[in-house]
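Quick notes on the structure that follows.
The values are calculated or read from the model by the stated rules, or taken from the named source; none is laboratory data. Note that this is a predicted model, so its numbers are computed, not measured. Reconstructed Cβ throughout: ideal geometry from the backbone, glycine too, with neighbour counts over all protein chains shown. Only protein heavy atoms, including side chains, enter the accessible area calculation; ligands, DNA and RNA are left aside. Shrake-Rupley method; radii C 1.70, N 1.55, O 1.52, S 1.80 Å.
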Amino acid sequence: MERRPVDVALAARQHAAYVSALRAAGWQVRTVAPDDDHPDAVFVEDALVVCGDLAVVGRSGAPERRGEAAAAEQAARDLGLRIERIKEPGTLDGGDVLQAGDTVYVGRGTRTNEEGICQLAHLLGGRRVVPVDIDGCLHLKSAMTALPDGTLIGVPEMLDTSVLPSVRVAPEPAGAHVVVLGPDHVLLSASAPRTAERLAADGLRVTAVDIGEFEALEGCVTCLSVLVR
């Protein structure tokens, strides 16, 4: 996707609507402190991986993003979560980590390396961790997410599908990005109307939000939040 200048005022309105959609689905929203020195910090998912009462603070493969971690870590501490960190030479972005049932798929690419995956597997204890090589996308969840029943949905040509169970093909690229809000409720970008139609036909409740200004920065609906159950 070719990047373009972002309309900051429109982005703020889209972010507010995104937050409202989370609240309408019954989620309490805690905000991470703003950081004008790190504009990509709005993609808060990359800084943290939360599993149960554990928050793993990532160490991005993009050095310019590592300064985002401190505010995200403080937000996790304020929630009473246990804190662990990915340590050098490991790198890991939360956008590469997809939890689906008892399995944790971790994208291996420019932002997350083998050492980061090994450290995460150790911190998660008994969870099954499956590395997935990605190609042509920034993060694993740029290419694949999971539906409420654990079914994977995505763009198979961007993934090493040999390590995956079947992947449902999203009708449009933005349809690969799904946030599970409840057992039958998903959040989806408004730029994926065909995916929304098919998921609704399957009996899922679909909430669509316009995040076009964030998509211009290679962001998606998963990037803007970390759900803590």
Filter result (open to solvent by 20 Å² or more (accessible area, probe 1.4 Å), more than 24 Å from R229 (Cβ to Cβ) and among the hydrophobic types (A, V, I, L, M, F, W, C)) within segment 201-217: A201, L217
So which residues in segment 12-23 are among the polar types (S, T, N, Q) and open to solvent by less than 50 Å² (accessible area, probe 1.4 Å), if there are any at all? Q14
When you check E172 against the structure, is it within 18 Å of C223 (Cβ to Cβ), among the charged types (D, E, K, R) and surrounded by fewer than 23 Cβ atoms within 10 Å (Cβ to Cβ), yes or no? yes
Can you report the number of residues in segment 131-144 which are surrounded by 16 or more Cβ atoms within 10 Å (Cβ to Cβ) and in contact with a strand residue (DSSP E or B) (Cβ under 7 Å, 6 or more places away or on another chain)? 8
Members of segment 107-155 found to be in a strand (DSSP E or B) and polar (S, T, N, Q), listed by number: T145
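Counting only residues that are more than 25 Å from R128 (Cα to Cα) and not β-branched (V, I, T), give me the strands (runs of 3 or more DSSP E) lying completely in segment 156-229 with at least 3 of them. Outline the logic, then answer.
Numbers: elements: 167-169, 178-182, 185-189, 205-209.
Counting at least 3 such residues, we get 185-189.
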Looking at S189, S166 in this structure, which one is closer than 27 Å to D102 by Cα, at pLDDT below 95 and either under 18 Å from the mean Cα position of the chain (by Cα) or open to solvent by 60 Å² or more (accessible area, probe 1.4 Å) (or both)? S166
Residue that is least open to solvent (accessible area, probe 1.4 Å) [pool: residues in segment 24-52 that are touching a residue at least 24 places away in the same chain (Cβ under 8 Å) and of a type in the set (G, A, S)]: A47
Go through segment 83-117 and count every residue that is closer than 30 Å to V167 by Cβ, of a type in the set (D, E, K, R) and exposed (fewer than 15 other Cβ atoms within 10 Å of the Cβ). 2
From G80, G67, residue being of a type outside the set (F, W, Y), assigned to a helix (DSSP H, G or I) and open to solvent by 30 Å² or more (accessible area, probe 1.4 Å): G67
Identify, from the list V228, V167, the residue that is aliphatic (A, V, I, L, M), in contact (Cβ under 8 Å) with a residue 60 or more places away in the chain and over 21 Å from Q14 (Cα atoms). V228
Test result for T222, open to solvent by 20 Å² or more (accessible area, probe 1.4 Å), polar (S, T, N, Q), under 18 Å from Y18 (Cα atoms) and in contact with a helix residue (DSSP H, G or I) (Cβ under 9 Å, 6 or more places away or on another chain): no
